[in-house]
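Trainee: Let me begin by handing over the structure; questions about it come next.
The values are calculated or read from the model by the stated rules, or taken from the named source; none is laboratory data. All figures in this text were calculated on a predicted structure; none of them were measured in a lab. Here the Cβ is made from the backbone with ideal geometry for all residues, glycine too, and neighbour counts use every protein chain on show. In case anyone asks, the SASA skips ligands and DNA or RNA and just uses the protein heavy atoms, side chains included. Shrake-Rupley method; radii C 1.70, N 1.55, O 1.52, S 1.80 Å.
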Amino acid sequence: MSNRAQGGPGNGATAGKICQFKLVLLGESAVGKSSLVLRFVKGQFHEYQESTIGAAFLTQTVCLDDTTVKFEIWDTAGQERYHSLAPMYYRGAQAAIVVYDLTNPDTFSRAKTWVKELQRQASPNIVIALAGNKADLASKRAVETAEAQAYADENQLLFMETSAKTATNVNDIFLAIAKKLPKNDAANQQGQRLNVAQSAESNQSGGCCK
Amino acid sequence: MYPTPLASPGLSFAVHSFLASPHARNTCGHNGLPLTPNSVRILGRFQALKKLTHPCLATYLDLQRGKHERVVIVCESYERNCQKLLSSDKSPTAEINSFAHFDGSPPDYPEVVRRIFYESLHALAYLHRQNFVHHSVSLESIQLTDALHVKLSNHGTYFITENGACVPFPIGLPKYLPPEVLLDPKGLHSPKTDLWSLGIVLLELALRKELFNFELEEQIALVFECASSEKPVMCILERHKLVYEYLCLSEQVRDAIEACLSVPLEHRPSSEELLSHPYCDMQIEMLEEPPKGLPSHELIGADQIEECIENSSQLPEAWEVLNLHELYYFWRLTGGDALAEISKQRDYIRSRPAIFGLPNLTLIEGEDCGAERDSSYYYRDTYLRLPMDSLRERLKSVDPDIMFISISILFERFNFERHRSESFTTKTASELPLVIRERDIEYQIRRIFRFRKLVELYPLTGRAIQLEAAIDIPPYFRGHVWAALLGAQGDYHAEFDEIDKDTPTPMDRQIDVDIPRCHQYDQLLCSPVAHMKFRRLLKAWVSSHPQYVYWQGLDSLCAPFLSLHFNNEALAYQCLSRFVDKYLHKFFLQDNSQVIKEYLAVFSRLVTYHDPVLSLHLQKEDFIPDLYAIPWFLTMYTHVFALHKVYHLWDALLLRGEAFPLCVGVAILTQLREQLLTFGFNECILTFTDMPELDIERLVKDAVDIFDSTPQSICFRSHSKRPISGMTPLSLETLREELTPRISTDDFFIALSAPSSKDASGRTTLRERVLVLDVRPKEEYLEGCLRGAVNIPKDVAFTPEGKLASCPEASALAAHKGNIIVVFGNEEDRRKVANQLVHLDYRHVCILDTTVHDIRIRMSPPICLY
Ligand SMILES: Nc1nc2c(ncn2[C@@H]2O[C@H](COP(=O)(O)OP(=O)(O)OP(=O)(O)O)[C@@H](O)[C@H]2O)c(=O)[nH]1
Ligand SMILES: [Mg+2]
């Protein structure tokens, strides 16, 4: 696949800097967050991918020129009720992918809400990417590319239409994020662990383990 | 000597098999996911057939999927059928006399025909009442038992194939199908289709001759000719030159035949109407009496109990009560394998080398053209009888006492000493690994016999079921036993019927996206029928629990109950609802954060209590349960383990209280302990992203041990269904700050008074010695203390490095390491000491949950130990 050519995952770290970044995936349930991560990390697609409860954690390394970028990925649960868990994961994250399902316009509105929340509450220089997933279902498309692109431009988001199923643009979107992330910031060199105790107290809305 | 059903030498299990239509490659459904294979759709619908019970219907037992969309159906089968009767070299009468057993003199042939007709019609009426259309009634489908009763077969094919939509062949033979069906083969066909077919069958039987023995086109032409004729039967008779023979038949028969062979549907009687035809005026005992034995998929209601007890005191013959489903279960345990039997028959699955099936042209959409159709795609009405000898032999050698014993345990008044050899074998066998026991026929026969009576007489036998289930639960009865353990009873059908399962709600989208992701590796649960049932159960639960909401994860909780009670949604619902109530009280509140946080904090403290080293390591790594254990508890492990593991885990869970799931969590961590201790945060969390392969039997055993050795109050939660009274509810902050759990005074005194002893079975009980560590200042201690308490005042307890200060009391404490240490004192002091003990790797440290003031009354003057 063409997107592998420029140094997809698993190319092995060579000499040079190693950076670690925390990345969080957000978006309505069943838009394909877990599927995107699984495609990126293991190169697989499971039709019957299990739903995510709470959150799942995975890591993957990509090589960018002379830098090795290690992503620590938090794949969150999409159901609105689990919303209150989200701050625990996006706080301290350097990057976020907000995912919607391009066959379902409601998930696009939900994505916009996530973007707003990130802009307000996440760290100010967080890199946000918008992914319109399930691009393989072209005949069922309900969100136009132009519309999403315009929204992304307006908000300075990276934007791609992806398909976890066919692998289209999956590595690309992660690579694009890796490129945009600052590589010389000392704080990034060993990555930050999420500070649960702190974030736990600061969210007052209801739900599971705020 | 066996009475029914094994008594009949003509009975065996048989398979028949066909190929479901394959989907074209790479075709997807509307959601972009691959289409459900037709064989899976069929499997889902098949389950409903197992529920059908009518004395004149052959029982459907099992459906298995083979390669290439092959469907293999196992059902009850008899050697004889009406077709063989007519095609035999002998006259039909002679043929009948050659196999049938009669009390008294054999009935004359027209009487036999009348009975066959009546019984078949009775069976059809039963099917029609439940909205099944047979669609394949033929001479061959009417099987005959040795007592010359009807066992109608093949009645499920039309239904399971979604009226033929899932298979590449038409269902039913054209010569038996009415004109309206032949005209519109894909349409929705009325139950009256079967009446026409039965009319043809009756005509053939009465004339003692198979009709339509000519080319297919001619057969169809003849049916169409009937369609335009005043009197269709005459068309057929003229064509066969049988008018004279027909006119010699009795008027009643002819009238019944002609009623069936009416072309306009409104003139053709329904099965129910035809039953009141004078030709059907007969009495057959078997049809009036309900069948003996346990209904195969029901838990009985309270009203039937009395009757059951009366019957059971007559000690029926063991084999009389085994139904076909149980026999089939045993058949499989003796090594029976329907798929393997079928593939042994080379000519049954005749497959051509794949190269001959290559298409001439493949369209870009994936459709193939020009491939010659493999003849294995045609329907073959052949039944392959399965070997039954080893089952018969096996059952013959079973100790007849089993039946007797299984009943005696029910009645205290028959409180016999259990048969010695029996209890011996059961005991030794129950020490074998569970997976072996579950496949051991000898052992399962004993267990099933023990349980079937218990289950039949539930709810009277609730206690006995618990006792037996503690040994193990035979998989065959797992669904029933679980229902009993959860206390399901009452009119749960009516209750379920009343719940609104259909009105759309905002929750629907989430439910709909979750179901196709829930335990879909399971063939049954991924069928459309299962999805529909999932949806109804979840919606029913949500709508009848207005105080709760749907959280992702409830779907997983539903899965084990659905798969065990696939044919009894009401019971599945009842179990789900009771289960959530008992183990997940308040978990599904809209705002469940306090409940879950408390649960996780209690869990952390339990880990500390049992394994301080591991617990501190995980805390140091910030690897907190909030990050990994929510799916464990919220779904009671159904989201993290496959169903076969959940079964064994829940077998143990359902016998125990609310604290058991916490103990399972501890057991998981301890099973992975060695790795976790070497892992940093990332590796730890990655370990649980996909639950690693765990030895489930060991896990259950560890969890049970942990549960047994943990005083109840250690797992106290203020949000539990019935919080232990007298315990101080703690804030989340305190729960986190105070590393060790608290013990109630009641538990404390129990622990104190119970000497470590051996229980009846010879196992040492898990009670440990208890040491009271009094951390108050010396003066207070000397005023009075708990008997046997060791006093190490908080201020002098530890060296600046945090080690235990050296003093005789400290040595006593050190000598006690590993046993229960109950810390007693003032709020702040006891917490500091207890936490420090944890850092010194002391296990089983807990804080006595009482104030100094309250306990004064129970104190005795100090006893100097050293
Ligand atoms: N056709 C198609 N289906 C996809 C794609 N990505 C995911 N899916 C399907 O969409 C469904 C949901 O995917 P998940 O990855 O579980 O969605 P999620 O966003 O993680 O959902 P939650 O865990 O509930 O938040 C699954 O059945 C996937 O197979 C895609 O690119 N194309
Ligand atoms: Mg997910």
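Trainee: Of everything in segment A:27-60, what is more than 9 Å from ligand 1 (Cβ to nearest atom) and open to solvent by less than 10 Å² (accessible area, probe 1.4 Å)? Give them in sequence order.
Mentor: Step one: list which residues in segment A:27-60 are more than 9 Å from ligand 1 (Cβ to nearest atom), which gives A:40-44, A:54-55, A:57-60.
Those that are more than 9 Å from ligand 1 (Cβ to nearest atom) and open to solvent by less than 10 Å² (accessible area, probe 1.4 Å): A:PHE40, A:GLY54, A:PHE57.
Trainee: Name the single residue that is farthest from the other protein chains (Cβ to nearest Cβ) among those in segment B:588-606 being at pLDDT below 95, surrounded by fewer than 23 Cβ atoms within 10 Å (Cβ to Cβ) and assigned to a loop (DSSP other than H, G, I, E, B).
Mentor: Checked segment B:588-606; the qualifying residue farthest from the other protein chains (Cβ to nearest Cβ) is B:GLN590.
Trainee: Looking at B:ALA559, is it within 16 Å of the chain's Cα centre (by Cα), farther than 22 Å from B:ILE160 by Cβ and in contact (Cβ under 8 Å) with a residue 60 or more places away in the chain? Walk me through it before giving the result.
Mentor: Working: within 16 Å of the chain's Cα centre (by Cα): yes; farther than 22 Å from B:ILE160 by Cβ: yes; in contact (Cβ under 8 Å) with a residue 60 or more places away in the chain: yes.
Yes; evaluated as a whole, the condition is true for this residue.
Trainee: With respect to A:ALA77, is the statement that it is within 28 Å of A:PRO182 (Cβ to Cβ), at the interface with chain B (Cβ under 8 Å from one of its Cβ atoms) and buried (at least 24 other Cβ atoms within 10 Å of the Cβ) true? Walk me through it before giving the result.
Mentor: Working: within 28 Å of A:PRO182 (Cβ to Cβ): no; at the interface with chain B (Cβ under 8 Å from one of its Cβ atoms): yes; buried (at least 24 other Cβ atoms within 10 Å of the Cβ): yes.
No; evaluated as a whole, the condition is false for this residue.
Trainee: Of the numbered conditions (1) more than 14 Å from ligand 2 (Cβ to nearest atom); (2) under 19 Å from A:ILE128 (Cα atoms), A:ILE18 satisfies every one except a single condition; which is it?
Mentor: Here A:ILE18 clears every test but (2).
Trainee: Please go through segment B:20-49 and pick out each residue that is assigned to a helix (DSSP H, G or I) and either polar (S, T, N, Q) or surrounded by 20 or more Cβ atoms within 10 Å (Cβ to Cβ) (or both). So that I can check it myself, show each step before the final result.
Mentor: At the first step, the residues of segment B:20-49 found to be assigned to a helix (DSSP H, G or I) are B:38-49.
Once the filter is applied, which keeps residues that are assigned to a helix (DSSP H, G or I) and either polar (S, T, N, Q) or surrounded by 20 or more Cβ atoms within 10 Å (Cβ to Cβ) (or both), segment B:20-49 yields B:ASN38, B:SER39, B:VAL40, B:ARG41, B:ILE42, B:LEU43, B:GLY44, B:PHE46, B:GLN47, B:LEU49.
Trainee: Given the options B:GLY164, B:GLY172, B:GLY187, name the one that is buried (at least 24 other Cβ atoms within 10 Å of the Cβ), at pLDDT below 95 and part of a loop (DSSP other than H, G, I, E, B). Explain how you work it out, then say what you get.
Mentor: Details: B:GLY164 fails: buried (at least 24 other Cβ atoms within 10 Å of the Cβ); B:GLY187 fails: buried (at least 24 other Cβ atoms within 10 Å of the Cβ).
Only one candidate qualifies: B:GLY172.
Trainee: Taking the options B:GLY657, B:GLY680, name whichever one is within 12 Å of chain A (Cβ to nearest Cβ), open to solvent by 10 Å² or more (accessible area, probe 1.4 Å) and not aromatic (Phe, Trp, Tyr).
Mentor: On the way: B:GLY657 fails: within 12 Å of chain A (Cβ to nearest Cβ).
Answer to the selection: B:GLY680.
Trainee: Could you tell me which of the residues A:THR107, A:THR103 is part of a helix (DSSP H, G or I), within 15 Å of ligand 1 (Cβ to nearest atom) and either within 24 Å of B:VAL640 (Cβ to Cβ) or polar (S, T, N, Q) (or both)? It would help to see each step written out before you state the result.
Mentor: On the way: A:THR103 fails: part of a helix (DSSP H, G or I).
Exactly one residue qualifies, and that residue is A:THR107.
Trainee: Can you tell me which residue within segment B:607-632, out of those that are acidic (Asp, Glu) and closer than 21 Å to B:LEU837 by Cα, is nearest to the other protein chains (Cβ to nearest Cβ)? Quick ask: steps written out before the conclusion?
Mentor: Initially, segment B:607-632 is screened for residues acidic (Asp, Glu), giving B:611, B:621-622, B:626.
Then keep just the ones that are closer than 21 Å to B:LEU837 by Cα; that gives B:611, B:621-622.
On the way: B:ASP611: 21, B:GLU621: 9, B:ASP622: 6 Å.
Among those residues, the one meeting the criterion is B:ASP622.
Trainee: Any residue in segment B:111-123 that is under 29 Å from B:LYS186 (Cβ atoms), among the hydrophobic types (A, V, I, L, M, F, W, C) and not in a loop (DSSP other than H, G, I, E, B)?
Mentor: Within segment B:111-123, the subset under 29 Å from B:LYS186 (Cβ atoms) is B:120-121, B:123.
Remaining after also requiring among the hydrophobic types (A, V, I, L, M, F, W, C): B:121, B:123.
Those still in the list that are not in a loop (DSSP other than H, G, I, E, B) too: B:121, B:123.
Within segment B:111-123, one or more residues are under 29 Å from B:LYS186 (Cβ atoms), among the hydrophobic types (A, V, I, L, M, F, W, C) and not in a loop (DSSP other than H, G, I, E, B).
Trainee: Which one of B:ALA570, B:ALA667 is in contact (Cβ under 8 Å) with a residue 60 or more places away in the chain and assigned to a helix (DSSP H, G or I)? I'd like the intermediate steps shown before the answer.
Mentor: Values: B:ALA667 fails: in contact (Cβ under 8 Å) with a residue 60 or more places away in the chain.
After ruling out the rest, the residue left standing is B:ALA570.
Trainee: Test B:GLN466 against the stated conditions and say whether it is farther than 22 Å from B:THR635 by Cβ, in a helix (DSSP H, G or I) and polar (S, T, N, Q). It would help to see each step written out before you state the result.
Mentor: Values: farther than 22 Å from B:THR635 by Cβ: yes; in a helix (DSSP H, G or I): yes; polar (S, T, N, Q): yes.
Spelling it out, B:GLN466 is indeed farther than 22 Å from B:THR635 by Cβ, in a helix (DSSP H, G or I) and polar (S, T, N, Q).
Trainee: When residues of segment B:523-538 are filtered for being in contact (Cβ under 8 Å) with a residue 12 or more places away in the chain, open to solvent by 10 Å² or more (accessible area, probe 1.4 Å) and more than 10 Å from chain A (Cβ to nearest Cβ), how many remain?
Mentor: First, the residues of segment B:523-538 that are in contact (Cβ under 8 Å) with a residue 12 or more places away in the chain: B:523-531, B:533-538.
Checking the rest, the ones that are also open to solvent by 10 Å² or more (accessible area, probe 1.4 Å) come to B:523-524, B:526, B:528-529, B:531, B:533, B:535-536.
Keeping just the survivors that are more than 10 Å from chain A (Cβ to nearest Cβ) gives B:523-524, B:528-529, B:531, B:533, B:535-536.
Total satisfying the criteria: 8.
Trainee: For segment B:795-813, give me each residue that is under 56 Å from the mean Cα position of the chain (by Cα) and open to solvent by 50 Å² or more (accessible area, probe 1.4 Å). Can you show your working first?
Mentor: First, pick out the residues of segment B:795-813 that are under 56 Å from the mean Cα position of the chain (by Cα): B:802-804, B:810-813.
Correct list: B:LYS803, B:SER811.
Trainee: Here's something else I'd like to know. Looking at segment A:97-142, which of its residues are within 11 Å of another protein chain (Cβ to nearest Cβ), basic (Lys, Arg) and within 16 Å of ligand 2 (Cβ to nearest atom)?
Mentor: Passing the criteria: only A:LYS134.
Trainee: Sticking with this one: Would you check which residues across segment A:25-82 are aliphatic (A, V, I, L, M), in contact (Cβ under 8 Å) with a residue 60 or more places away in the chain and over 13 Å from B:THR689 (Cβ atoms) and list them? Working first, answer last.
Mentor: Quick first cut of segment A:25-82, residues aliphatic (A, V, I, L, M) only: A:25-26, A:30-31, A:36-38, A:41, A:53, A:55-56, A:58, A:62, A:64, A:69, A:73, A:77.
Pick out the ones that are also in contact (Cβ under 8 Å) with a residue 60 or more places away in the chain and you get A:25-26, A:30-31, A:36, A:38, A:62, A:64, A:69.
Passing the criteria: A:LEU25, A:LEU26, A:ALA30, A:VAL31, A:LEU36, A:VAL62, A:LEU64, A:VAL69.
Trainee: Considering only residues that are farther than 27 Å from B:LEU554 by Cα and either within 13 Å of ligand 2 (Cβ to nearest atom) or more than 10 Å from every other protein chain (Cβ to nearest Cβ) (or both), which ones fall in segment A:43-74? Spell out how you get there, then give the answer.
Mentor: Filtering segment A:43-74 down to residues farther than 27 Å from B:LEU554 by Cα leaves A:43, A:59-72.
If the condition is that a residue be farther than 27 Å from B:LEU554 by Cα and either within 13 Å of ligand 2 (Cβ to nearest atom) or more than 10 Å from every other protein chain (Cβ to nearest Cβ) (or both), then A:GLY43, A:GLN60, A:THR61, A:VAL62, A:CYS63, A:LEU64, A:ASP65, A:ASP66, A:THR67, A:THR68, A:VAL69, A:PHE71 are the ones that fit.
Trainee: Going by the structure shown, is B:SER577 within 16 Å of ligand 2 (Cβ to nearest atom) and in a helix (DSSP H, G or I)? Show your work before the answer.
Mentor: Details: within 16 Å of ligand 2 (Cβ to nearest atom): no; in a helix (DSSP H, G or I): yes.
The answer is no for B:SER577.
Quick grid of which residues meet (1) at pLDDT below 90; (2) under 24 Å from the mean Cα position of the chain (by Cα); (3) within 16 Å of ligand 2 (Cβ to nearest atom); (4) among the acidic types (Asp, Glu):
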site	(1), (2), (3), (4)
B:MET1	yes, no, no, no
B:THR4	yes, no, no, no
B:HIS23	yes, no, no, no
B:ASN31	yes, no, yes, no
B:PRO34	yes, no, no, no
B:LYS51	no, yes, no, no
B:GLN64	no, yes, no, no
B:VAL71	no, yes, no, no
B:CYS82	no, no, no, no
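Trainee: Restricting the search to segment B:192-247, which residues are assigned to a helix (DSSP H, G or I) and among the small types (Gly, Ala, Ser)? Before you say what the answer is, go through the steps one by one.
Mentor: Keep residues of segment B:192-247 that are assigned to a helix (DSSP H, G or I), which gives B:192-207, B:216-227, B:232-240, B:243-247.
Of everything in segment B:192-247, those that are assigned to a helix (DSSP H, G or I) and among the small types (Gly, Ala, Ser) turn out to be B:SER197, B:GLY199, B:ALA206, B:ALA221, B:ALA227.
Trainee: Mind telling me which of the residues B:GLU111, B:GLU119, B:GLU140 ends up being buried (at least 23 other Cβ atoms within 10 Å of the Cβ), at pLDDT 90 or above and among the charged types (D, E, K, R)? Before you say what the answer is, go through the steps one by one.
Mentor: Working: B:GLU111 fails: buried (at least 23 other Cβ atoms within 10 Å of the Cβ); B:GLU140 fails: buried (at least 23 other Cβ atoms within 10 Å of the Cβ).
The conditions single out B:GLU119.
Trainee: With the requirement that a residue be farther than 23 Å from B:LEU584 by Cβ and part of a helix (DSSP H, G or I), what does segment B:510-542 give you?
Mentor: Answer for segment B:510-542, where residues must be farther than 23 Å from B:LEU584 by Cβ and part of a helix (DSSP H, G or I): B:PRO516, B:PRO528, B:VAL529, B:HIS531, B:MET532.
Trainee: While we're here: For segment B:701-727, how many residues meet the condition of being under 20 Å from B:LEU669 (Cβ atoms) and of a type in the set (S, T, N, Q)?
Mentor: Residues in segment B:701-727 being under 20 Å from B:LEU669 (Cβ atoms) and of a type in the set (S, T, N, Q): 2 in total.
Trainee: If I filter segment A:87-96 for residues that are away from ligand 2 (no atom under 16 Å from the Cβ) and closer than 21 Å to B:GLY32 by Cβ, do I get at least one hit? Walk me through how you get there before you give the answer.
Mentor: At the first step, the residues of segment A:87-96 found to be away from ligand 2 (no atom under 16 Å from the Cβ) are A:87-88, A:91-95.
Now restrict to residues that are closer than 21 Å to B:GLY32 by Cβ: none.
No, because not a single residue in segment A:87-96 is away from ligand 2 (no atom under 16 Å from the Cβ) and closer than 21 Å to B:GLY32 by Cβ.
Trainee: Continuing with the same structure: Which residue pairs have Cβ atoms under 7 Å apart, sit 6 or more places apart or on different chains, and have a first residue in segment A:156-178 that is in contact (Cβ under 8 Å) with a residue 40 or more places away in the chain and a second that is assigned to a helix (DSSP H, G or I) and charged (D, E, K, R)?
Mentor: Pairs found: A:ALA164/A:ARG39; A:ALA167/A:ARG39; A:VAL170/A:ARG39; A:ASN171/A:ARG4.
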